[in-house]
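Chemist: The following block contains the structure, expressed as structure tokens.
What follows is calculated from the coordinates using simple rules that are stated; it is not laboratory data. The shown structure was predicted, so the numbers you read here are calculated from the model rather than taken from an experiment. Using ideal geometry, Cβ is built from the backbone for each residue, glycine included, and neighbour counts are taken over all protein chains shown.
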Amino acid sequence: MPVNPADGPILGTLYGSDAMRAVFSETAYFQRMLDTEAALARVQAELGIIPADAAETIAAAATVENLRTEDLAASARNVGYPVVGLVAGLAKASGEAGGWTHWGATTQDIMDTATVLQVREGLNLIEAELNAILNALTDQAQTHRDTVMAGRTHLQQALPVTFGLKCAIWAMPFLSHLDRLKQIRTRVEQVELSGAAGTLASLTDQGIAVMEALAGALDLKAPLAPWHVCRDALAETVAFLGIVCGTLAKIATDIILLAQTEVGEVAEPYVAGRGQSSTMPQKRNPIASEYIIAAARTVQGLVPVMMGAMAQDHERATGPWQAEALVIPQAFTLTHGALLHARAIAEGMVVDAERMRANLDISHGLIVSEAVMMGLAPVLGRGEAHHVVKHACDLALAEKISLADALERDPVVSARLDRAAIETLIDPGRYLGSTQAFIDRVLAAAG
């Protein structure tokens, strides 16, 4: 019975994904260990280390259906590791060939390589969602490149922006994430075959040949030397997941703020009943965003565990290594769940352009006071222009009139600009600077 909600059949629908749980399930883990044992037997047969017929028998028997859960559990409880029971079950299923199983390897070789195979599958799922979200956000950026809204700093209206620019800025980190992912793969997708203390002495002078052949058979890279106690690549991978979740949490935070009743500019995709309150029928809570933030905080909380697990003693660690198994599956599962929530938002967000414009107008032109100042500066000088506009803003706030009305009252301004010119100066759509160029740069980089 699951203890972590992310693994449950009910709450797991909110916190993770069936696809990622399948990658990191206990059954999948044991199958990946068996896949490693099968590949090891085959490459050793090719190198003349074990009989070819024994290797084929071992490979044919290397399926989880040939293992008994009760036996594996009893062995793991007694030994402290799952591989002894796995090798015993594989050897039994292989009959006379069973004596050649696990030849020259050590427990951590099999477990580390199985973990790497799972990580590779997990990264495939992560990469697919990163690409999907990037595509969805760049589509939104193109669609809303001219949808003017209030830009906000310190949660206050600052200057006009467009929702397209906001989406482009949301999209930009995904370009970096995809680059990081490509780089991480070269470091983490490496086979582990090092023997009991990292010398592969059990395979005499054929150790490196077996290691390289095993890497090729599993489509992994061969390391320069054993990485039993070099955990940087796995730690980097989990840190990467934490960074990805940080990006998702930023988007989710913006969506939550934009969806507030008093703002009402963007909402999560509408699905009947989703986000509803048990007592307030009118509510549509930003549920996906909330679970993104919950997942992000948890994944980022797991990153220090992986960093701490890097302090491994001598040639094989006494405890830090075991902590990784508590982190890696959970970090991948929660990240993938958060990505799926984010993809749904990115593809189906409901944008209210009219509300954006209405909110832009609530300051009656004050949001573009900088534009007026910059427009008057060539005529009045920057210092005087700042003084004139500041006085107009104070008047507008005090008397609850528009900035245009306040400016028109100022003889310094009215002597130089008629009402039409003033209205042009305070048009938010005319003060967007390099917005379109920035959007184009992100779209071009996304291809």
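Chemist: Residue by residue through the stretch 156-170, which ³J(HN,Hα) values in whole Hz follow from phi under the Karplus form 6.51 cos²θ - 1.76 cosθ + 1.60 (θ = phi - 60°), with glycine and proline marked x?
Modeler: 10, 4, 10, 9, x, 9, 10, 5, x, 5, 4, 5, 5, 5, 4
Chemist: Tell me which of Ala342, Gly381, Thr247 sits at the most positive position along the dipole axis of the chain, charges placed on C-beta atoms (Lys, Arg +1; Asp, Glu -1).
Modeler: Looking along the dipole axis, the top candidate is Gly381.
Chemist: Given labels modelled 7 Å from the Cα in the Cβ direction, how far is it in nm from His364 to Arg430?
Modeler: My value for the distance between the label points is 2.1 nm.
Chemist: Each residue of the stretch 65-71 in turn: what ³J(HN,Hα) in whole Hz from Karplus with 6.51, -1.76, 1.60 and θ = phi - 60°, glycine and Pro shown as x?
Modeler: Working through the residues one at a time gives 4, 8, 10, 9, 4, 4, 5 Hz.
Chemist: Peptides 210-223, 304-317: what's the order by average Cβ count within 10 Å, highest mean first?
Modeler: Peptide ranking by packing, descending: 210-223, 304-317.
Chemist: Please give the helix 435-446 orientation as an angle from the longest Cα principal axis of the chain, in degrees from 0 to 90, rounded to the nearest 10.
Modeler: Roughly 20 degrees between the two axes.
Chemist: Right, another one. What whole-number distance in Å separates the alpha-carbon centres of the stretch 45-89 and the stretch 346-384?
Modeler: 69
Chemist: Where nothing but the Cβ of Lys and Arg (+1) and of Asp and Glu (-1) is charged, how large is the charge dipole of the stretch 316-447 around its Cα centre, in debye to the nearest 20?
Modeler: Computed charge dipole of the stretch 316-447: roughly 460 debye.
Chemist: From the list (1) 64, 49, 34; (2) 102, 51, 35; (3) 89, 51, 49, can you say which value of Cα extents along the principal axes in Å was derived from the structure given?
Modeler: Step by step, Cα extents along the principal axes in Å for this structure corresponds to label (2).
Chemist: Another question, then. Which one of Leu72, Leu134, Leu34 has the biggest mean-square fluctuation once the chain is modelled by GNM with Cα springs under 10 Å?
Modeler: Looking only at Leu72, Leu134, Leu34, the largest GNM fluctuation is found for Leu72.
Chemist: Identify all lysines with a Cα-Cα distance to Lys166 below 18 Å; exclude those on the same chain that are fewer than 8 residues away in sequence.
Modeler: Hits, sequence-local ones excluded: Lys250.
Chemist: Does a label point 7 Å from the Cα of Thr204, set along Cα-to-beta-carbon, have any residues of the stretch 37-59 with amide nitrogen under 13 Å, and which are they?
Modeler: 48-50
Chemist: Of Thr424, Ala404, Ala444, which is farthest along the charge dipole of the stretch 386-447 in the positive direction, counting Lys and Arg as +1 and Asp and Glu as -1 at C-beta?
Modeler: About the Cα centre, the residue reaching furthest to the positive side is Ala444.
Chemist: So how tilted is helix 83-93 from the main axis of the chain? Cα-based, degrees 0 to 90, rounded to 10.
Modeler: The angle comes out at about 60 degrees.
Chemist: Follow-up question, since we're still on this one. Report the charge-dipole magnitude of the stretch 366-425 in Debye, nearest 20, computed about the Cα centre from +1 at each Lys and Arg Cβ and -1 at each Asp and Glu Cβ.
Modeler: 100
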